[in-house]
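The values are calculated or read from the model by the stated rules, or taken from the named source; none is laboratory data. Computed from a predicted structure; not experimentally measured. Quick reminder, even Gly has a Cβ in these numbers, built from the backbone with ideal geometry, and neighbours come from all protein chains shown.
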């Protein structure tokens, strides 16, 4: 697939010769066989039995119930052989496992994402509570792997406006997440990760989104503290993208947190609204000049540009509330992010001018999500170092 030129057909193993499944090392450029010859052929034959690669529609699964497999999620069923294909994510990484209909026999076909195999995964726990309006809510916790009842732990509140606590765990709460947001790394260092329900009310209208998020976070944190496992004096807030905006806004709206980490966040809606997306800055397409403006208005429920509602734009722009931020803040940004690195620069400059504790971590060549393996390693080293410093210093990180 990696060597295929545009326009060339790509064999998918269906109606063609058997595929060979490879592991490709992007650093060295070396590809090695992922399976032995027998399993190569078995997996290729199995794939060829599907009329389409997608998971069958529910109507096609009449009378079929997947067997139980620890840490496994069924992704395909092969009716002719009565076998299920499971995606398994456990302490050994991510794997594809073939399971008989009755679950008596399992065959592991493939295993990857072993990069965190030496790190013990945390424990996910949902906590039920009732919010201020009497509605049943949940807050999701990721607990340290060897937590003990009766002991209180520092906590990181992961925020992203619009996120809800659903029946499935998001990727960031699954072991061996290959991207930069594997929150099990925090749990392994002894932190409780708190994910509050930050669904945005349909009737928010012209209401202040930052204040709405602050209320929801406070309710979720209060419920988490009810477990007896969270030290309320050692709370930190962390978020990416819209969550980066929220992390900065929450530091201005509340005094809950000992420190904050804002990644790829918008600090000034007025300047963000008028910025070109750097990925298309030199395109002739008019959309390059308006895409971020439209996104800004949609995400923050603005009825028009800043000139029509300057007070509203300012009221939810963290840079204009920098004087209310006392907790130390670490800002993380890639210089090729469509959320312009200037957003981080503005917040950093404002806090520095006020003499507030702030750190600015920049990654050359990175976009909205830090993707380079070396940079991901560096980012997590800096995150853990930042939290450790904030834990040791009452006056903040400088």
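Numbers below:
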quantity	calculated
Failed item in (1) over 21 Å from residue 182 (Cα atoms); (2) in contact (Cβ under 8 Å) with a residue 40 or more places away in the chain; (3) touching a strand residue (DSSP E or B) at 6+ places or on another chain (Cβ under 9 Å), with residue 108 passing the rest	(2)
Residues of the stretch 244-292 satisfying the condition of being in the same structural domain as residue 383 (by TED's automatic domain parsing), over 21 Å from residue 314 (Cβ atoms) and buried (at least 16 other Cβ atoms within 10 Å of the Cβ)	256, 257, 258, 259, 261, 263, 264
The stretch 80-128, subset in contact with a helix residue (DSSP H, G or I) (Cβ under 8 Å, 6 or more places away or on another chain) and outside any strand (DSSP E or B), residue nearest to residue 220 (Cα to Cα)	122
Residues located in the stretch 182-215, provided they are in contact (Cβ under 8 Å) with a residue 40 or more places away in the chain, out of contact with any helix residue (DSSP H, G or I) (no Cβ under 7 Å at 6 or more places or on another chain), closer than 30 Å to residue 298 by Cβ and not in a loop (DSSP other than H, G, I, E, B)	195, 209, 215
Subset of the stretch 147-171 [in contact (Cβ under 8 Å) with a residue 40 or more places away in the chain, over 20 Å from the mean Cα position of the chain (by Cα) and assigned to a loop (DSSP other than H, G, I, E, B)]	147, 149, 150, 151, 152
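Every residue, every condition in (1) within 18 Å of residue 238 (Cα to Cα); (2) under 25 Å from the mean Cα position of the chain (by Cα); (3) part of a helix (DSSP H, G or I), yes or no:
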position	(1), (2), (3)
297	no, yes, yes
303	no, no, no
312	no, no, yes
320	no, no, yes
323	no, no, yes
332	yes, yes, no
339	yes, yes, no
343	yes, yes, yes
